[in-house]
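Remarks on the structure that follows.
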Amino acid sequence: MNRDDSHPVDSLVQRYLERQAGGPEAEALSERILNSVRVAQTPRASRKTARFFWFTAALAASLMAFLGGWYLQPLQANPQAVVRDALQAHSLPVDRLYLVETRLDPRNPVSQMPGANHLKTNLLWTRGNHFLLVPPDGKKTWAMGRDSDNDFWMAIPGNPGMGMRMPMEELPEPVRAIADLLTMRMETLLNDVLVDFHLEGKFNEGGIFTVAAYPKFPGPQTRVSSVFMEIDSPTRVVRKVVIAKINRGLPVANVTFRLVEIGNQPDNSYSLEGHLGPQAQVHLPSDKPSFVAIVSRLLNRAAENKRSPRPGSP
């Protein structure tokens with residue numbers, strides 16, 4: 001049986017590099033690594049030594065493929081690839097804090113009402129598709145979020161405190177509209193952008209890749225007219241998102257999410273129980289009279305207009 005002079009690692013590494021880096025620089029680099037290993041081996045080398053050299057070559061070439069795919073790929077990346085990488089980055093269990101700034105679109109008739117067009121700010125913690133929305137002043141007067149069971153919840157801490165909880169898919173339309181306006185489910189957003197939006201992207205100074213996304217097939221049920229994202233090239237973390245919200249084709253508001261912190265939140269911070277004491281009243285959709293009352297109260301608190309503090313103001 002004739003033995004091929006080439007080693008299986010040759011083709012394996014070559015295919016891996018072509019798939020991951022896709023560039024001639026990475027292919028040439030892997031070939032240099034493998035050639036240096038071939039030269040280092042002598043006819044007298046033992047099989048064990050040969051395996052060691054091939055393992056070292058494979059490891060080194062794979063590392064180059066990784067580096068090529070991570071650092072060289074941005075030079076030729078398309079927006080779809082960058083968004084897919086961002087989706088993978090945000091699927092990790094990492095807590096990220098975003099400053100949420102909401103302003104009514106000037107074309108929205110409601111914005112012409114006295115006091116209606118002030119900038120509203122809140123803080124949003126995200127972990128994958130989980131989120132926690134709280135006031136910007138640090139006071140725990142209310143909170144809303146989405147837990148690991150895909151339940152939407154709202155809470156007013158206190159003594160004893162009260163809250164509500166229901167499945168996301170069962171949210172009444174007014175509640176869903178407010179939740180969509182004030183919050184962001186990063187994994188869902190990135191998935192929707194990949195599937196339902198036309199993407200345009202480019203690299204900017206500072207290692208930032210910008211993506212502009214527009215619906216492929218806008219219609220009466222379309223809720224978003226555009227999404228603008230700033231994605232950090234080395235980490236693929238979304239640093240800024242600007243979403244233009246619409247309703248039945250009419251502009252509603254522009255919502256901006258700015259990454260301000262990467263930290264650690266307790267697991268229960270994304271659940272209703274993490275914000276209420278043991279004696280708190282928890283309302284469910286079956287408690288219709290009280291449920292409607294608490295939803296109205298909570299939404300009024302969460303969506304109330306807040307003036308953005310001026311520089312130097314207390």
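The values are calculated or read from the model by the stated rules, or taken from the named source; none is laboratory data. All of these numbers come straight from a predicted model, not from anything done at the bench. Neighbour counts are summed over all protein chains in view; Cβ atoms, including those assigned to glycine, are modelled from backbone coordinates with ideal geometry.
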Count - residues of the stretch 196-211 that are surrounded by fewer than 18 Cβ atoms within 10 Å (Cβ to Cβ) and under 15 Å from the mean Cα position of the chain (by Cα): 1
Mind checking whether some residue in the stretch 135-150 is more than 21 Å from the chain's Cα centre (by Cα) and among the β-branched types (Val, Ile, Thr)? yes
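With respect to Ala179, determine if the residue is within 19 Å of the chain's Cα centre (by Cα) and at pLDDT below 95.
In short, yes.
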Quick check on the stretch 285-307: of everything there that is in a loop (DSSP other than H, G, I, E, B) and farther than 22 Å from Leu182 by Cα, which residue is modelled with the lowest pLDDT? Asp287
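Looking for whichever is in contact with a helix residue (DSSP H, G or I) (Cβ under 8 Å, 6 or more places away or on another chain) and of a type in the set (A, V, I, L, M, F, W, C) here; the options are Met144, Met113. Which one fits?
Working: Met113 fails: in contact with a helix residue (DSSP H, G or I) (Cβ under 8 Å, 6 or more places away or on another chain).
Unique residue meeting the criteria: Met144.
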Evaluation of Leu199 against (1) modelled with pLDDT of 85 or more; (2) in a loop (DSSP other than H, G, I, E, B) (one fails), failing number: (2)
